1. Spot the failing condition for Tyr140; the list is (1) outside any loop (DSSP other than H, G, I, E, B); (2) within 13 Å of the ligand (Cβ to nearest atom); (3) at pLDDT below 95, and only one is missed.
2. Select from region 146-169 the residues that are in contact with a helix residue (DSSP H, G or I) (Cβ under 8 Å, 6 or more places away or on another chain) and in a loop (DSSP other than H, G, I, E, B) and write down the one among them that is nearest to Phe86 (Cα to Cα).
3. Does Glu72 satisfy being within 12 Å of the ligand (Cβ to nearest atom) and assigned to a helix (DSSP H, G or I)?
4. Determine, yes or no, whether Phe47 is surrounded by 18 or more Cβ atoms within 10 Å (Cβ to Cβ), among the hydrophobic types (A, V, I, L, M, F, W, C), within 16 Å of the ligand (Cβ to nearest atom) and within 21 Å of Leu124 (Cβ to Cβ).
5. Kindly check whether there is at least one residue in region 224-234 that is under 27 Å from Phe290 (Cα atoms), surrounded by fewer than 19 Cβ atoms within 10 Å (Cβ to Cβ) and away from the ligand (no atom under 16 Å from the Cβ).
6. Being assigned to a loop (DSSP other than H, G, I, E, B), touching a residue at least 12 places away in the same chain (Cβ under 8 Å) and closer than 20 Å to Phe167 by Cβ, is that true of even one residue in region 96-110?
7. Leu220 - would you say it is away from the ligand (no atom under 13 Å from the Cβ) and either closer than 21 Å to Ala288 by Cβ or not in a loop (DSSP other than H, G, I, E, B) (or both)?
8. Considering (1) among the aliphatic types (A, V, I, L, M); (2) touching a Pro at 6+ places or on another chain (Cβ under 6 Å); (3) within 16 Å of the ligand (Cβ to nearest atom); (4) at pLDDT 95 or above, say which one Ile94 fails and leave the rest.
Amino acid sequence: MSNTLQKLQDLEPSAEEFRAAVLGGLGAPAKTLPCKFFYDAEGSRLFDKICELPEYYPTRTECHILESYAGEIAKHIGRRARLVEFGSGAGIKIRLLLSALERPAAYVPVDISRLHLLAAASSLARDFPRLSIAPICADYTTPFALPPADGARTTVGFFPGSTIGNFTTDEAKTFLTTARALLGAGSAMIVGVDLRKDASILVPAYDDAAGVTQAFNLNLLRRINRELGGTFKLDQFVHTARWNDAAGRMEMHLVSRCAQTVEIGGESFTFADGEAIHTENSHKYTIAQFQDLARSAGYAPKAVWTDEASLFSVHLLTDAG
Ligand code: AVI
């Protein structure tokens, strides 16, 4: 392991937080589970597989945009930048930026999945031996502090993958506002945002023929069984993906195949036949809608890059002061 890889700052969410979220979500009149808990080791592995599916266009389209415009993005950012990535995952997209930047000063990957984070940080440290890497294991929607910005000229947030779409619009505004405060005065932010498009492209992206997204969705129930002593029978739930036009979002649900009762750590939850657990929203924005959202959070939209088919967008925002 390279000595440019700093000690992990570990703020991984506790089992108690997971338990409270699950009991609260399944106890509500319309059952929900927070999508941030998809990403245990198996969920992270399945998500990496989703990113390679032919139907799931966001990852390859965003990578194509980043590859095509990395030089332009690097010019906007300038030399000796410190990059802070929210939800760094496998750390593939950051390589495209780091390779184009002039003498990047540091990289701070922030991710909820500790094993995934450490593996990605070690691999990056091997490939960028002069880069200081300071991993933080945390839920980036909760407060955490950045390490000192030794020698960096500027700090730039990186939030790719359209993960911003997994928030409600209010949550997205709160996230951007909090991130702007964390990154500091004069900072910038690069955000990947999936664009609104026809449901005939969106639905298969969230319900692929190989069943990987189905396994990803159902893995949340497996995680509840393993970590909270749940009794979910996975074959008694069906994965569904729907486009909600009024809300401008894809939704994932797990629908009960029959009337049944599930126990979780001593509590019982009843399901009617056909009752759904809403597990994820994935909002899709127009460019103008997202720029308005960014302005409402104190950012000035500086530039936006898209692919030829206008499937996906990458926005550069700067602190409006
Ligand atoms: C992480 N996030 C942006 C993905 C999305 O597209 O909303 C998660 C995902 N859910 C199903 N497929 C991928």
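1. Looking at each condition in turn, Tyr140 falls short on (1).
2. Result: Pro160.
3. Values: within 12 Å of the ligand (Cβ to nearest atom): no; assigned to a helix (DSSP H, G or I): yes.
For Glu72, the condition - within 12 Å of the ligand (Cβ to nearest atom) and assigned to a helix (DSSP H, G or I) - is not met.
4. Details: surrounded by 18 or more Cβ atoms within 10 Å (Cβ to Cβ): yes; among the hydrophobic types (A, V, I, L, M, F, W, C): yes; within 16 Å of the ligand (Cβ to nearest atom): yes; within 21 Å of Leu124 (Cβ to Cβ): yes.
So Phe47 fits the description; yes.
5. Applying the first criterion (under 27 Å from Phe290 (Cα atoms)) to region 224-234 yields none.
No, region 224-234 has no match at all.
6. First pass over region 96-110, keeping only residues assigned to a loop (DSSP other than H, G, I, E, B): 101-105.
Narrowing the set further to residues that are touching a residue at least 12 places away in the same chain (Cβ under 8 Å) leaves 101-105.
Okay, now just the ones that are also closer than 20 Å to Phe167 by Cβ, so none.
No, that holds for no residue.
7. Numbers: away from the ligand (no atom under 13 Å from the Cβ): no; either closer than 21 Å to Ala288 by Cβ or not in a loop (DSSP other than H, G, I, E, B) (or both): yes.
So Leu220 does not fit the description; no.
8. (2)
The values are calculated or read from the model by the stated rules, or taken from the named source; none is laboratory data. Treat the numbers as computed from the prediction; the structure is a model and nothing was measured. Backbone-built Cβ (ideal geometry, glycine too); neighbour counts: all protein chains shown.
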